[in-house]
Amino acid sequence: MVAERLAVLKAAGKFKGEFSAQNHFLGYEGRCSAPSNFDADYCYSLGFTAAALAVAGKSGYMAVVRNLSKSQDEWQPGGIPLTTMMNIERRKGKDMPVIRKSLVELDGKPFKQFAAHREAWKCASLYLCPGPIQFFGPAKVCDGITVTMELETVR
């Protein structure tokens, strides 16, 4: 529709530019819910930590925040040198330092929860949707952690 409209404008002498559409699939973005307070706080903390690392001249570090299942005043920002995450793998006939892929932990609690409900979830719409995000109110309602983190931290 944009191309057609611009062609009309060009014919009328009102548009002299060029137009080339660039498509993008917004699959994940289109299906995700709005960010929660946890998401916003976590991203802010990562950005602040990254800035602190940069100001301190710590290049080659990945910003991290630990203790995310606890209250924010117990979160621990830090940096992990990228070299500590490197493994040597053979790629295209040469040994290369790479960060090892992280796969789903089949013995972890989140996957076990999925496996326990897999048959029921195949045919029924039994997915968890947090619903409208509540940004203000009691912390119990507004500042909860993700279901995956909850499963991983419950002992």
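Among Pro35, Ala12, His24, whose Cα sits farthest toward the positive end of the charge dipole of region 1-124 (+1 at Cβ of Lys/Arg, -1 at Cβ of Asp/Glu, about the Cα centre)?
Of the listed residues, the answer is Ala12.
Would you mind calculating the gained length between Leu151 and Glu89 on full extension (0.36 nm times residue separation, minus the Cα-Cα distance), in nm to one decimal?
Taking 0.36 nm per residue and subtracting the Cα distance, the gain is 19.1 nm.
Of the trypsin sites (Lys or Arg not before Pro) in region 62-143, which ones lie in a loop per DSSP and count no more than 14 other C-beta atoms within 10 Å?
When the trypsin sites (Lys or Arg not before Pro) of region 62-143 are filtered for loop state and at most 14 Cβ neighbours within 10 Å, Lys70, Lys92, Arg100, Lys101 remain.
Working out 0.36 nm times the residue gap between Phe25 and Cys142, then minus their Cα-Cα distance, what length gain in nm do you get to one decimal?
39.0 nm
Take Met96 and Ile80, extend 7 Å from each Cα along the Cα→Cβ direction, and tell me the distance between the two endpoints in nm.
Calculated label separation equals 2.1 nm.
Full extension from Ala54 to Lys14: what is 0.36 nm times the residue separation minus their Cα-Cα distance, to one decimal in nm?
Extra length from Ala54 to Lys14 when fully extended: 9.6 nm.
By the gyration tensor of its Cα atoms, with a ≥ b ≥ c the square roots of the eigenvalues, what is the shape of region 9-155: rounded for a/c under 1.5, prolate for a/b over b/c, or oblate?
In terms of gyration-tensor shape, rounded.
Under unit Cβ charges (Lys, Arg +1; Asp, Glu -1), what dipole magnitude, rounded to 20 debye, does region 65-107 have relative to its Cα centre?
The calculated dipole for region 65-107 is roughly 400 debye.
Using the Cα centre as the reference, give the magnitude of the dipole from point charges on the C-beta atoms of region 2-153 (Lys, Arg: +1; Asp, Glu: -1; all else neutral), rounded to the nearest 20 debye.
The dipole magnitude comes to about 720 debye.
If you look for lysine pairs in the chain that are eight or more places apart or on different chains, how many of them have Cα atoms under 27 Å apart?
Counting lysine pairs in the chain gives 12.
Only residues of region 81-117 count here: report those whose backbone N is under 13 Å from the spot 7 Å along Cα→Cβ of Leu126, or say none.
The answer is 113-117.
Quick note: the coordinates plus some simple rules give every number you see, no bench work behind them. Bear in mind that the values here come from a model prediction, so they are computed numbers and not experimental data. Methodologically, a virtual Cβ is constructed for each residue, glycine included, from the backbone with ideal geometry; neighbour enumeration extends over all protein chains shown.
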